[in-house]
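Values quoted throughout were computed directly from the atomic coordinates according to the rules given, and no laboratory measurement underlies them. None of these values were measured; they are calculated from a predicted model. Positions of Cβ are generated from backbone atoms using ideal geometry, with glycine treated the same way; all protein chains shown enter the neighbour counts.
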Amino acid sequence: MNRFHLLHATEFIYDGPVYESYNEVRLRPIHDDRQSCVSFRLITNPASRGSSYKDGYGNWIHVTSILPHHRRLRIEAESVVLVHEDPAPEPANRSMPLAELDAMGPDLFEEHFDWLAPSAYVPYLPELAEISKAAEAACDGTVAGFARTASDFIHNSFLYRKGATHVNSSVRDSLAVRAGVCQDFAHLLLGVVRMRGLPARYVSGYLVSGSAGPGAKQEEVIGGQASHAWAEIFLPGGGWFGFDPTLGKPIELRHIRVAYGRDYGDVPPVRGVYKGRAGQSLSVDVRFRPALDETGHEQFAEPKSDSDDSQNAIPERPQQHSQQ
């Protein structure tokens, strides 16, 4: 079992005073039979009492509101996560033949509509259909084999390059440049398998570096790259299985799930608006370490404090960050 202490800090710095900042935060890790969110707390500076609820996909959403004028906003999420066991291997030897999938189409569409319909970031495009046909021709003829081949095809055919796309890019953009980041790779895989009739969902989470696992003695600063995304595909007769086309490797204990969605648009870590004429800059810092210190206790960092500035402002502006 792996037990991790996670600290995810998002900081907005404005070049002038802003006010009425409202944000939705999706940073509480999923709690289910595969991983446990042992503890979680969210701190904002300036302080906000906030509220929380679960959306239709079971994700925790924390809502913050900062009404007074301020020039800086820090949102800090701290959690301890216990990952129970390695994900189940793909049922390659007992997966149903692809030829049988078409007959299940109406039932799958009725039960998993959200995971099969095209979405804003994952429209159905002819280029995706071509990749789907190529993966089907190259696989072993099973549903699991098709999913793995599609993931491998994307990993081998697209270049991981930061800056090739932006937070609002759809698969159309990554197809045009044949490059992107994990968000784009996940979207590509979703489109390819959905067009073949397999339900698939976007997974927002973290990828813990190898040295941050059990036995690591020092906290490692990974930065925004630790925020990660991949896909889970429903294999009839087997259930949901994770595929990471960015790494080109099976899902491991290092993959910590935070939220599910149709695409990135459903699960941005932080998304909100503010009023003011000021521009903003964004920094994200993600840290991992073994959850227990040498004495066997959990320790949490104390929040920092800043002063607020006040001036009148009017416009409302969006703010959010992407996954790398």
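Remarks
- Scope the stretch 26-54; condition assigned to a strand (DSSP E or B) and closer than 14 Å to HIS69 by Cα; matching residues: ASN45
- Taking the criterion of being surrounded by 24 or more Cβ atoms within 10 Å (Cβ to Cβ) and in a helix (DSSP H, G or I), the residues of the stretch 184-210 that qualify are ASP184, PHE185, ALA186, HIS187, LEU188, LEU189, LEU190, GLY191, VAL192, VAL193, ARG194.
- Matching entry among ALA135, ALA186 (being of a type in the set (A, V, I, L, M, F, W, C) and over 18 Å from the mean Cα position of the chain (by Cα)): ALA135
- On the stretch given as the stretch 55-72, residues that are part of a strand (DSSP E or B) and either closer than 26 Å to TYR260 by Cα or in contact with a His (Cβ under 6 Å, 6 or more places away or on another chain) (or both) total 6.
- Yes/no for ASN23 being crowded, with 16+ Cβ neighbours inside 10 Å and within 17 Å of ILE66 (Cβ to Cβ): yes
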